[in-house]
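Take a look at this one; I'll ask things after.
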Amino acid sequence: MLGYILKRVLATIPVMAIVAIFVFLLLRLTPGDPAAILAGDAATPDQLERIRDRLGLNDPLYIQFFTWVGQLLQGDLGTSLISNTSVSSMIGNRIGPTINIALMTILISVALAVPMGVIAAWRHRTWVDFLVMSFSVLGFSVPVFVIGYILIQIFAIELRWVPVQGYVSPGEDFGDFFVRAIMPSLTLATIYIALIARMTRASMLEVLGEDYIRTARAKGVRENVVLFRHALRNAAVPILTIIGTGFALLISGVVVTESVFNIPGIGRLTVDAILARDYPVIQAMILLTAGIYVVVNLLVDISYSFFDPRIRY
Amino acid sequence: MKTFSSNYHWLAAGLVAGSTAFTPAIAQEDEVTITAVMHSGLRVLDPVITTAHITRNHGYMIYDVLTAVDENFTPQPQMADWEISDDGLVYTFTLRDGLLFHDGAPVTGEDVVASLTRWGDRDSGGQLIFDVTESLEAPDEKTIVWTLTEPFAPLMDVISKQSAVPPFIMPARVAATPPSETITEYVGSGPFTFNEDEYEPGVSVTYEKFDDYVPRDGEVSWMAGPKEVKVDRVVWTTMPDNLTAINALVAGEIDYIEQLSIDLLPILEAAPNVVVEMRDPLGYVTIGRPNHLHPPFDNKLVRQAAMDALSQENMLATMQGNPDYYNVCGAIFGCATPLGDETGSEPVTGGADIEAAKAKLEEAGYDGTPIVLMAPTDVVSLMNQPVVAAQALREAGFEVDMQSMDWQSVVQRRAQQNTIEDGGWNMFFTNWMVPEVSDPLINVMVNGRGDDAWFGWPDDPEIEEMRAAFVKATTPEEQKAIAVDIQAHVMDNVNYIMMGEYLIPQARSTALEGMIPSPVPVFWNMEKTSE
């Protein structure tokens, strides 16, 4: 196992290197000028040129690239061209809200979706199954911002149970964090509940038809044990894959939900950086996102072996 | 030498613990805090390097200015009073008593000289003044003497302007930063201090009352007069979604929204705890800029044909929808400004005249060369104009190649003087605050210096002569007469196409009182009556 993990970690190096080169070149090929954003509408060409010089944007591409790579190797993600602040601190400040909302979303989603999927499969082609599948279709179909606005209207404006917007860190005040995070998490969870419930149902349906399930039932094993110990464990691999991918997606930033609930996460940071052509921030965010996918996929792969003993690395 | 761990300190903290840095500042119980949603996130803290309005607004919070215009566009003393020599060549400023920077140091003439020098390198009006500057000196701590080589009558108007780059006064050591480099120390002498610890670029910025600020005497009028801070803190927060901001205002979570979407006004109008109002009496202008370098807009007749084809009413109605929030106005310096005049503007204010446009195109021998019209799709206030213009121009017989792109691409491409085949362009639209176009020195679009002019590059010696005469004009009447000449010239030569004025409403909680009507939102003199 340790050898497998080491091999996978080493394999990330060429992946990240390719991502770095690709992102760097792609950004430089994209139209846009950070100096023009910095200077504003009335800047003269001479003023823009001087700012570009200062920012190093007039250096040859290979010099810009190696300067950036050199910084990266020293653990320095660079400095924002627009705000002149450290990219590490910008990401460090913004990733907390994103991670916390993502964790809450995944917790809610798994807690609700897995039982829903199991029950839908267990009661296949009954009204329960129909209800779960209807919810899934709805969860997929309704845009997240619509769900967000509906939740705000009901729970924040009409009932006044929760604030409309904003974020407070759980370390500062867990209660305040919870009331502010619950609506964005529920909004995001709608899609993931739908996705995980469908995947759980499909996977369970396949497993429930297996001989060993019939054998377990014939031996008089209780139905909940059959479902949750024998069947669900064997159906876990695709469900885990979906949960892992979903978590990575959430960590990469969910800009619409962040905007609707005014959460200062990395989704908004990325979009703002792209609109301003803030190269160091965009580069760092894409590298970070690639890294998150690599790590999450590795963790998901490792977790397979805990749920399915047949899988060994 | 930096280490890996030190560089990733913030990142690691965020990953492991869940950041607390983004937690909205928890003010003490008895502190009065105003929470305002501004039109944009603050990302650049140097109000001289950028013309971004949000940075200018930030400048007014923490810095002070020597002089400032009142609601009649008349310069008034702020940090300093002044005297002008009889020959108009020597301006002597005297700083008032009690001026302190936030670090406790007194504001001196040396600070003023350094600040004006840095500003003069950046600001177009400032550059003109420094072109005729013999010396700018501080003979003592409270006096600044500005000596010119020739009279520059609008000097006080230029240094008192409120937008886009007012000459904010910084400590000399900060003002020594090259104008192409952003400052890294944020010490002003304004009514608020900047809380650097709670600043998060693009998300939130906190200002605190500067207890040692001494307001000047007089009446409050726009940016002039006493700046009395009556709250403890002001927090600017960014909400990219206008509906979220509106919901937050209705729920009492915030106190003020600087810019409202017209479509969403009915929600606020039904809320008893919210006041919707127009605090900026001048508003904005929207304009179309043809590229004078390349065919077909290198031909005056073709530019005139384009102007004939466009209709302000159609453009503004599409942009704003509600006629309460736009004005058909042909004055290039703004309809409500001292220099505003609508001479020659009938082609755009009187509605589209497609037949006249066709006739002019024929007379010009327009050969069907497609017009590359740049259309930004990511800026709400700029996305409609190209669409309306394309339709009108096509009706008049133009071939229009409307190219959709993001605003950043427009910004980069409009700086290209290349031919159309090599990535050039023919026309784009943009918006300005009225104070940014209100006289011939501030308004960059009437600059006719060819390659040195603003994007579009008209080579227009005639208008340059008029601008030079404006600098020498000594009375308001003379200035107005020249401004009218420039207005008529721009309408005839079509340096740019004035597409009218529009207004953006603001909203505040009923708990906020005493907010000053002004084109720049300011937070002094206002009170919050209940928490």
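For residue B:50, all conditions in the list (1) in contact with a strand residue (DSSP E or B) (Cβ under 7 Å, 6 or more places away or on another chain); (2) within 14 Å of another protein chain (Cβ to nearest Cβ); (3) at pLDDT below 95 hold save one; what is the number of the exception?
Going through the list (1) in contact with a strand residue (DSSP E or B) (Cβ under 7 Å, 6 or more places away or on another chain); (2) within 14 Å of another protein chain (Cβ to nearest Cβ); (3) at pLDDT below 95, residue B:50 breaks only (1).
For residue A:169, are the conditions met, namely being within 14 Å of another protein chain (Cβ to nearest Cβ), polar (S, T, N, Q) and touching a residue at least 60 places away in the same chain (Cβ under 8 Å)? Walk me through how you get there before you give the answer.
On the way: within 14 Å of another protein chain (Cβ to nearest Cβ): yes; polar (S, T, N, Q): yes; touching a residue at least 60 places away in the same chain (Cβ under 8 Å): yes.
Judged against the criteria, residue A:169 is a match.
For the structure I just gave you, tell me whether residue A:120 is more than 10 Å from chain B (Cβ to nearest Cβ), over 24 Å from residue B:239 (Cβ atoms), in contact with an Asp or Glu (Cβ under 9 Å, 6 or more places away or on another chain) and not aromatic (Phe, Trp, Tyr).
So residue A:120 passes the test.
Kindly indicate whether residue A:247 is surrounded by 15 or more Cβ atoms within 10 Å (Cβ to Cβ), at pLDDT 95 or above and within 20 Å of residue A:98 (Cβ to Cβ).
Details: surrounded by 15 or more Cβ atoms within 10 Å (Cβ to Cβ): yes; at pLDDT 95 or above: no; within 20 Å of residue A:98 (Cβ to Cβ): yes.
No, not satisfied.
Here's a follow-up. Which of the residues belonging to the range A:58-87 are within 19 Å of residue A:27 (Cα to Cα) and touching a Phe, Trp or Tyr at 6+ places or on another chain (Cβ under 6 Å)?
The answer is A:65, and nothing else.
Looking at the range A:104-127 only, could you name the residues that are in contact with a Phe, Trp or Tyr (Cβ under 8 Å, 6 or more places away or on another chain) and over 30 Å from residue A:259 (Cβ atoms)?
Within the range A:104-127, just A:118 meets the criteria.
A further question on this structure: Does residue A:89 satisfy the criteria of being under 30 Å from residue B:204 (Cα atoms), part of a helix (DSSP H, G or I) and among the polar types (S, T, N, Q)?
On the way: under 30 Å from residue B:204 (Cα atoms): yes; part of a helix (DSSP H, G or I): yes; among the polar types (S, T, N, Q): yes.
In short, yes.
Which count do you get for residues in the range B:113-149 that are charged (D, E, K, R), loosely packed, with under 15 Cβ neighbours inside 10 Å and at pLDDT 95 or above?
First pass over the range B:113-149, keeping only residues charged (D, E, K, R): B:118, B:121-123, B:131, B:134, B:137, B:140-142.
With loosely packed, with under 15 Cβ neighbours inside 10 Å added as a condition, the list becomes B:131, B:134, B:137, B:140-141.
Next cut, at pLDDT 95 or above only: B:134, B:137, B:140-141.
Final tally of qualifying residues: 4.
Now for a separate question. What's the number of the only condition in (1) among the hydroxyl-bearing types (Ser, Thr, Tyr); (2) touching a Lys or Arg at 6+ places or on another chain (Cβ under 6 Å); (3) within 30 Å of residue A:161 (Cα to Cα); (4) within 14 Å of another protein chain (Cβ to nearest Cβ) that residue B:237 fails to meet?
Status for residue B:237: all satisfied but (2).
Same structure, new question: Being more than 8 Å from chain A (Cβ to nearest Cβ), surrounded by fewer than 17 Cβ atoms within 10 Å (Cβ to Cβ) and either touching a Gly at 6+ places or on another chain (Cβ under 6 Å) or at pLDDT 90 or above (or both): is that true of residue B:37 here? Reasoning before the result, please.
Numbers: more than 8 Å from chain A (Cβ to nearest Cβ): yes; surrounded by fewer than 17 Cβ atoms within 10 Å (Cβ to Cβ): no; either touching a Gly at 6+ places or on another chain (Cβ under 6 Å) or at pLDDT 90 or above (or both): yes.
No; evaluated as a whole, the condition is false for this residue.
When the range B:232-269 is examined, which residues are found to be of a type in the set (Asp, Glu) and over 17 Å from residue A:149 (Cβ atoms)? Outline the logic, then answer.
Kept after step one, since they are of a type in the set (Asp, Glu), are these residues of the range B:232-269: B:232, B:241, B:253, B:255, B:258, B:263, B:269.
Those that are of a type in the set (Asp, Glu) and over 17 Å from residue A:149 (Cβ atoms): B:232, B:255, B:258, B:269.
If you scan the range A:92-131, which residues turn out to be more than 30 Å from residue A:177 (Cα to Cα) and touching a helix residue (DSSP H, G or I) at 6+ places or on another chain (Cβ under 7 Å)? Walk me through how you get there before you give the answer.
Of the residues in the range A:92-131, the ones more than 30 Å from residue A:177 (Cα to Cα) are A:118-131.
If the condition is that a residue be more than 30 Å from residue A:177 (Cα to Cα) and touching a helix residue (DSSP H, G or I) at 6+ places or on another chain (Cβ under 7 Å), then A:118, A:119, A:120, A:121, A:122, A:123, A:124, A:128, A:129 are the ones that fit.
Quick one: in the range A:261-313, which of the residues that are among the small types (Gly, Ala, Ser) and more than 14 Å from every other protein chain (Cβ to nearest Cβ) is farthest from residue A:232 (Cα to Cα)?
First, pick out the residues of the range A:261-313 that are among the small types (Gly, Ala, Ser): A:265, A:267, A:273, A:276, A:284, A:290-291, A:303, A:305.
Narrowing further to those that are more than 14 Å from every other protein chain (Cβ to nearest Cβ): A:290, A:303, A:305.
Details: A:290: 30, A:303: 14, A:305: 14 Å.
Only one residue fits best here, namely A:290.
A quick yes/no check of all residues on (1) more than 7 Å from chain B (Cβ to nearest Cβ); (2) surrounded by fewer than 18 Cβ atoms within 10 Å (Cβ to Cβ); (3) over 27 Å from residue B:374 (Cβ atoms):
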{"residue": "A:41", "(1), (2), (3)": "no, no, no"}
{"residue": "A:57", "(1), (2), (3)": "yes, no, no"}
{"residue": "A:60", "(1), (2), (3)": "yes, yes, yes"}
{"residue": "A:71", "(1), (2), (3)": "yes, yes, yes"}
{"residue": "A:74", "(1), (2), (3)": "no, yes, yes"}
{"residue": "A:82", "(1), (2), (3)": "no, no, no"}
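Of all residues being in a loop (DSSP other than H, G, I, E, B) and of a type in the set (A, V, I, L, M) in the range B:155-168, which is nearest to residue B:438 (Cα to Cα)? Just the residue, please. Please lay out each step first, then the result.
Start the filter on the range B:155-168 by keeping residues that are in a loop (DSSP other than H, G, I, E, B), which leaves B:161-167.
Then drop every residue that is not of a type in the set (A, V, I, L, M), which leaves B:164-165.
Details: B:164: 11, B:165: 14 Å.
Here the residue is B:164.
Related question: So if I check each of A:97, A:31, which one is on the phi < 0 side of the Ramachandran plot and in contact (Cβ under 8 Å) with a residue 40 or more places away in the chain?
On the way: A:31 fails: in contact (Cβ under 8 Å) with a residue 40 or more places away in the chain.
Checking each option against the conditions leaves just A:97.
Out of (1) of a type in the set (Asp, Glu); (2) under 15 Å from residue B:346 (Cα atoms); (3) at pLDDT below 95, what's the single condition that is false for residue B:513?
(2)
Can you confirm whether residue B:325 is among the aromatic types (Phe, Trp, Tyr), assigned by TED's automatic domain parsing to the domain that holds residue B:481, within 13 Å of residue B:501 (Cα to Cα) and buried (at least 16 other Cβ atoms within 10 Å of the Cβ)?
Numbers: among the aromatic types (Phe, Trp, Tyr): yes; assigned by TED's automatic domain parsing to the domain that holds residue B:481: yes; within 13 Å of residue B:501 (Cα to Cα): yes; buried (at least 16 other Cβ atoms within 10 Å of the Cβ): yes.
Judged against the criteria, residue B:325 is a match.
Now for a different question. Within the range B:468-478, which residues are in a helix (DSSP H, G or I) and surrounded by fewer than 21 Cβ atoms within 10 Å (Cβ to Cβ)?
Of the residues in the range B:468-478, the ones in a helix (DSSP H, G or I) are B:468-472, B:476-478.
B:468, B:469, B:472, B:476, B:477, B:478, listed by residue number.
Kindly indicate the residue of the range B:254-267 that is crowded, with 21+ Cβ neighbours inside 10 Å and within 13 Å of chain A (Cβ to nearest Cβ) and also farthest from residue A:159 (Cα to Cα) among those meeting that condition.
Taking the candidates together, the pick is B:257.
Just wondering, is there one or more residues in the range A:129-144 that are within 22 Å of residue A:263 (Cβ to Cβ), in a helix (DSSP H, G or I) and either at pLDDT 95 or above or β-branched (Val, Ile, Thr) (or both)?
The first filter runs over the range A:129-144 and keeps only residues within 22 Å of residue A:263 (Cβ to Cβ), leaving A:139, A:142-144.
Now restrict to residues that are in a helix (DSSP H, G or I): A:139, A:144.
Remaining after also requiring either at pLDDT 95 or above or β-branched (Val, Ile, Thr) (or both): A:144.
Yes, the conditions are met somewhere in the range A:129-144.
Against the definition (surrounded by fewer than 13 Cβ atoms within 10 Å (Cβ to Cβ) and more than 14 Å from chain B (Cβ to nearest Cβ)), how does residue A:110 come out, yes or no? Reasoning before the result, please.
Details: surrounded by fewer than 13 Cβ atoms within 10 Å (Cβ to Cβ): no; more than 14 Å from chain B (Cβ to nearest Cβ): yes.
Considered against the rule, which asks whether it is surrounded by fewer than 13 Cβ atoms within 10 Å (Cβ to Cβ) and more than 14 Å from chain B (Cβ to nearest Cβ), residue A:110 comes out as no.
So, residue B:432, is that one crowded, with 16+ Cβ neighbours inside 10 Å, touching a residue at least 40 places away in the same chain (Cβ under 8 Å), touching a Gly at 6+ places or on another chain (Cβ under 7 Å) and within 30 Å of residue B:369 (Cβ to Cβ) or not? First the steps, then the outcome.
Numbers: crowded, with 16+ Cβ neighbours inside 10 Å: yes; touching a residue at least 40 places away in the same chain (Cβ under 8 Å): yes; touching a Gly at 6+ places or on another chain (Cβ under 7 Å): no; within 30 Å of residue B:369 (Cβ to Cβ): yes.
Here the answer is no, as residue B:432 does not meet what is asked.
Could you say whether any residue in the range A:222-241 is buried (at least 22 other Cβ atoms within 10 Å of the Cβ), in a helix (DSSP H, G or I) and either small (Gly, Ala, Ser) or within 14 Å of chain B (Cβ to nearest Cβ) (or both)?
yes
Working carefully through the options A:103, A:48, find the one that is within 10 Å of another protein chain (Cβ to nearest Cβ), farther than 30 Å from residue B:433 by Cβ and assigned to a helix (DSSP H, G or I). Quick ask: steps written out before the conclusion?
Working: A:48 fails: farther than 30 Å from residue B:433 by Cβ.
Just a single option satisfies the conditions, and that option is A:103.
If you don't mind, there's one more thing I want to ask. Please state which one of B:439, B:451 is in a loop (DSSP other than H, G, I, E, B) and either within 10 Å of chain A (Cβ to nearest Cβ) or under 17 Å from residue B:51 (Cβ atoms) (or both). Walk me through it before giving the result.
On the way: B:451 fails: in a loop (DSSP other than H, G, I, E, B).
Answer to the selection: B:439.
While we're on this one: Please find, among A:185, A:259, A:252, the residue that is buried (at least 19 other Cβ atoms within 10 Å of the Cβ), at pLDDT 95 or above and under 17 Å from the mean Cα position of the chain (by Cα). Full working, then the answer.
On the way: A:259 fails: at pLDDT 95 or above; A:252 fails: at pLDDT 95 or above.
A:185 is the lone residue from the list that is buried (at least 19 other Cβ atoms within 10 Å of the Cβ), at pLDDT 95 or above and under 17 Å from the mean Cα position of the chain (by Cα).
Yes/no per residue for (1) of a type in the set (Gly, Ala, Ser); (2) under 16 Å from residue B:43 (Cβ atoms); (3) in a helix (DSSP H, G or I):
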| residue | (1), (2), (3) |
| --- | --- |
| A:274 | no, yes, yes |
| A:288 | no, no, yes |
| A:300 | no, no, yes |
| A:305 | yes, no, yes |
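The values are calculated or read from the model by the stated rules, or taken from the named source; none is laboratory data. These numbers come from a predicted model, not from an experiment. Virtual Cβ from ideal backbone geometry, glycine too; neighbours counted across all protein chains shown.
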